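Since the structure comes first, as structure tokens, the remarks are kept for the end.
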Amino acid sequence: MGSTMSQRQSGNLTRRAFCTTLTVGSVSGMSSSTTAQAETFRLGGEVAAWRGRAPQSIAEQDNPTLQVEAGQQYRVVWENVDGQPHNFVILDANDNTLSKTEIIQEQGATQTVTFTATPEMAQYICEVHPTTMVGEIQISGGADGGEMGEDGGVGLRISPITYLFAAAVVLAVISPILFALLLFVIGTGDRTRRVR
């Protein structure tokens, strides 16, 4: 331990310290990305339409398209604007209900819906007013932008942090081999003289 400390103090970083630092840095970067909060969409519900409020990309739009990424968690917070009965329902392409809230009628009341985006999600509606309060859900993700592949599956999107973590693991595995090769080629410089 004393020699390691003196090497670090003199500016030389050992292979083990380098690999440990690289791996710990990659893991801490990955853990901070997984603790991110769910993205929130804010809507106002009235008979005429769902009114987008937030984020800015949907603000002031009627029945805005909710752009989501498969596998990510989202939250919809909506307010009953007109005091009429409304609820929030997520449907698939065949109009099957995937998620549904209770109907609320009190003006100013809010509901929060939390969901994990899946490829089958297609639209959201108010069950009571399905012809006017209806919006699309657009799923993205994967190398092909979330479109269905030839085999009918949806591709996965790999985050840059995952690539960095994989690179750190590969480096940790091959660095001892590279270090040994380097020592073999240039030598250690620790040769002792034979005394005759």
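For segment 57-101, report the accessible area per residue in Å² (1.4 Å probe, heavy atoms, rounded to an integer). Working shown, then result.
Details: 2140 Å² over 45 residues.
That works out to 48 Å² for each residue.
Close amide H contacts of Ala109 (hydrogens built in the peptide plane, cut-off under 5 Å, sequence separation of 5 or more or a different chain): Asn80.
Could you calculate the FRET efficiency of Thr97 with Ile174 from 1/(1 + (r/R0)^6), where r is the beta carbon distance between them and R0 is 45 Å, rounded to 0.05?
Working: r = 51 Å, r/R0 = 1.13.
After rounding to 0.05, the efficiency reads 0.30.
Database remark: amide H of Phe88 closer than 5 angstrom to the amide H of Thr101 (H placed geometrically; neighbours at sequence offset of 5 or more, or on other chains; Pro and chain starts carry no H). Among Thr101, Thr132, Thr110, the sequence by solvent-accessible area, most first, with a 1.4 Å probe is Thr110, Thr132, Thr101. Whole-Hz Karplus values for segment 63-68 come out as 6, x, 6, 8, 8, 10 Hz, taken residue by residue from phi with 6.51 cos²θ - 1.76 cosθ + 1.60 and θ = phi - 60°; glycine and proline positions read x.
The values are calculated or read from the model by the stated rules, or taken from the named source; none is laboratory data. These numbers were taken from a predicted model, which means no experiment stands behind them. Methodologically, a virtual Cβ is constructed for each residue, glycine included, from the backbone with ideal geometry; neighbour enumeration extends over all protein chains shown. With ligands, DNA and RNA removed, areas are computed over all heavy atoms of the protein, side chains included. Shrake-Rupley method; radii C 1.70, N 1.55, O 1.52, S 1.80 Å.
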